[in-house]
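**Q** Take this structure, written in structure tokens, and hold onto it; I'll ask about it next.
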Amino acid sequence: MRALVVGGAGFIGSHLCESLVADGHKVCCVDNFSLGNKKQVSGLINSTLFSLKEIDATDNDGLDSVFESFKPEYVFHLAANSDIQASAKNPEVEYRNTYTTTFCILNTMRKYGVKKLFFSSTSAVYGDKRDEVLDENTSNLSPISYYGAAKLGSEALISAFSYMNDISSLIFRFPNVIGPRLTHGVIFDFIGRLRKDNTALRILGDGHQTKPYIYVTDLVEAIVQFMDVSKGVTLYNVGVEGATSVTRIADIICEEMGLKDVTYQYTGGEGGWKGDVPKFQYCIDKIHNAGWKAKYPSDNAVRMTVREVLKEG
């Protein structure tokens, strides 16, 4: 298969590229390197199955060139803003990097007759519904962040393009993804802060924010396992057993760094920032019944990731 991975030099995308190449697929990685970087895919550079192109997914001419030359059979769309706090200050980040990338990719697929798509969505499309168990049939989706809104808008575009152009689309809604080569997020931030000052740790919110954390290799295995779907849109919640609080993450990091008597300094409030959903209940029965289950529960994924980030320096 000829697989185009848009956003392939990012955290999740780089792991997906590795998995696809390992399975013998020919992979073209497209990235603008605003968040991803060449180091993430350095282990693939010498593979005859892998190519890397610096193209922005909102650049229609650039997309045309790669579709014409590479002739992809499957598009994996992971290009998006992943720094949710940054977009809270500037919503144009989401409009360009999350929503517009989706339209441009879909429109290019339409022009070149490409019929298979994977899209990485998010639990943020549900909004703040902490008293509900969120499954794929949950109605009244009402995201409270620009990130969640742009992802939900992207899902709507995929629905329309899939129907109008007989595209087979797989959408995963997943929570926080962590693991080797992590580039941002609470684990990355906490370790950075403690390396600068190992006596005190600033924690956004009240520390009770509790979310499931999925290990990146578990997510990639699910993508590969379910990537062949029928025409139209196939949607799955993808998650793990358990959830981990922000304070528990801090505890695990301190344990792994051998730090004692660290003072936690909470900024207060339920969420870490405006638009942050502090807690949610995620139903993953559908994907479990389809034959996939994450290997690593949330706490295990956090501890493994902490060890990887510390090892990577």
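**Q** At what distance in nm do the modelled label points of Glu241 and Arg307 sit from each other, each positioned 7 Å from its Cα along Cα→Cβ?
**A** Calculated label separation equals 1.9 nm.
**Q** If you don't mind, another one. When a/c reaches 1.5 or more, the comparison of a/b and b/c decides; with that in mind, is segment 1-84 rounded, prolate or oblate per its Cα gyration tensor? Don't skip to the end; give the middle numbers.
**A** Numbers: a/c = 1.63, a/b = 1.08, b/c = 1.51.
Taking the square roots of the gyration eigenvalues as a ≥ b ≥ c, segment 1-84 is oblate.
**Q** For segment 67-217, I need the span (max minus min coordinate) of the C-alpha atoms along each principal axis, in Å, sorted largest to smallest.
**A** 57, 39, 30
**Q** Relative to 2.2 N^0.38 Å, what does the C-alpha radius of gyration of segment 177-293 come to as a ratio? Two decimals please. Before the final figure, lay out the partial values.
**A** Working: Rg = 17.1 Å, N = 117, 2.2 N^0.38 = 13.4 Å.
Against the empirical 2.2 N^0.38 Å value, I get 1.27 for segment 177-293.
**Q** Further question: Going by amide H atoms built from the backbone, whose H comes under 5 Å of the H on Val238, apart from near neighbours?
**A** Distant-sequence amide H within range of Val238: Arg173, Phe174.
**Q** I would also like to ask the following. Put a dot 7 Å past each Cα toward the Cβ at Met257 and Asp197; how far apart are the dots in nm?
**A** Between Asp197 and Met257, the simple spin-label model gives 1.2 nm.
**Q** Per the Debye formula with a single identical scatterer at each Cα and no solvent contribution, what log10 I(q)/I(0) holds for the chain at q = 0.10, 0.11, 0.12 Å⁻¹?
**A** -0.55, -0.67, -0.80
**Q** Hey, with R₀ at 30 Å, roughly what FRET efficiency would Phe33 and Gln265 work out to, going by the Cβ-Cβ distance, to 0.05?
**A** Result of the calculation: an efficiency of 0.30.
**Q** Still on this model: Determine the equivalent ellipsoid of segment 65-115 by diagonalising the alpha-carbon gyration tensor, then write out the semi-axes as square roots of 5 times the eigenvalues, largest first, rounded to whole Å.
**A** Working: eigenvalues 144, 19, 12 Å².
Taking √(5λ) for each eigenvalue gives 27, 10, 8 Å, largest first.
**Q** What does DSSP give for the chain in terms of the percent of beta bridges that are antiparallel, rounded to the nearest 5? Before the final figure, lay out each step's value.
**A** Numbers: 3 of 44 bridges.
Among the beta bridges of the chain, antiparallel pairing accounts for roughly 5 percent.
**Q** How about Lys111: which lysines have a C-alpha closer than 24 Å to its C-alpha, ignoring those fewer than 8 places off in the same chain?
**A** Here the lysines satisfying the reach criterion relative to Lys111 are Lys26, Lys53, Lys71, Lys151, Lys231.
**Q** Okay, next question. If I require 27 Å or longer along the helix axis, counting alpha carbons, and a Kyte-Doolittle average no lower than -0.5, what helices from the chain are left? Use full DSSP H segments.
**A** The answer, listed by residue number, is 146-165.
**Q** At q = 0.15, 0.25 Å⁻¹, what is the log10 ratio I(q)/I(0) for segment 132-173, with the Debye formula run over Cα points and no solvent?
**A** So the normalised log intensities are -0.44, -0.99.
**Q** A 27 angstrom limit on the alpha carbon distance is what I want to check against. Which of Lys39/Lys196; Lys211/Lys311; Lys211/Lys260; Lys116/Lys211 exceed it?
**A** Working: Lys39/Lys196 24 Å; Lys211/Lys311 25 Å; Lys211/Lys260 25 Å; Lys116/Lys211 31 Å.
Distance filter (> 27 Å) returns Lys116/Lys211.
**Q** On to the next question. Grab the Cα-Cα distance for Met1 and Glu221, subtract it from 0.36 nm times how many residues apart they are, and report the gain in nm with one decimal. It would help to have the intermediate numbers written out before the result.
**A** Working: separation 220, 0.36 × 220 = 79.20 nm, distance 1.69 nm.
Gain in length upon complete extension: 77.5 nm.
**Q** Quickly work out the Asn289-to-Val133 label distance, labels modelled 7 Å from Cα along the C-beta direction, and quote it in nm with one decimal.
**A** 1.2
**Q** If you don't mind, another one. Over the C-alpha atoms of segment 236-312, what are the Rg and the largest Cα-to-Cα span, Dmax, in Å?
**A** Using the Cα atoms of segment 236-312, the pair Rg, Dmax is 15.4, 46 Å.
**Q** Using amide H atoms built in the peptide plane, which far-off residues or other-chain residues are under 5 Å from Gly205 H to H?
**A** Thr267, Gly268
**Q** Can you give the calculated 222 nm mean residue ellipticity of the chain, where each DSSP H run of n ≥ 4 adds -39,500 (n - 2.57) and the sum is split over every residue, rounded to the nearest 500 deg cm²/dmol?
**A** On the way: 10 runs with 115 residues, N = 313.
One gets -11500 deg cm²/dmol as the mean residue ellipticity at 222 nm.
**Q** Please compute the contact order of segment 165-313 in relative form: average sequence separation of alpha-carbon pairs under 8 Å and at least six residues apart, divided by the residue count, as a percent.
**A** Values: 248 pairs, mean separation 59.7, N = 149.
Value for segment 165-313: 40 percent.
**Q** Turning to a different aspect of this structure: Using the Karplus curve 6.51 cos²θ - 1.76 cosθ + 1.60 with θ = phi - 60°, what ³J(HN,Hα) values do you get for each residue of segment 29-37, in whole Hz, with x for Gly and Pro?
**A** 9, 10, 7, 9, 6, 6, 10, x, 8
Since every read-out is calculated from the coordinates, none of them should be taken as a lab result. What you see is a predicted model; the values in this text were computed from it and never measured. Note that each Cβ is placed from the backbone with ideal geometry, even for glycine, and that neighbours are counted across all protein chains shown.
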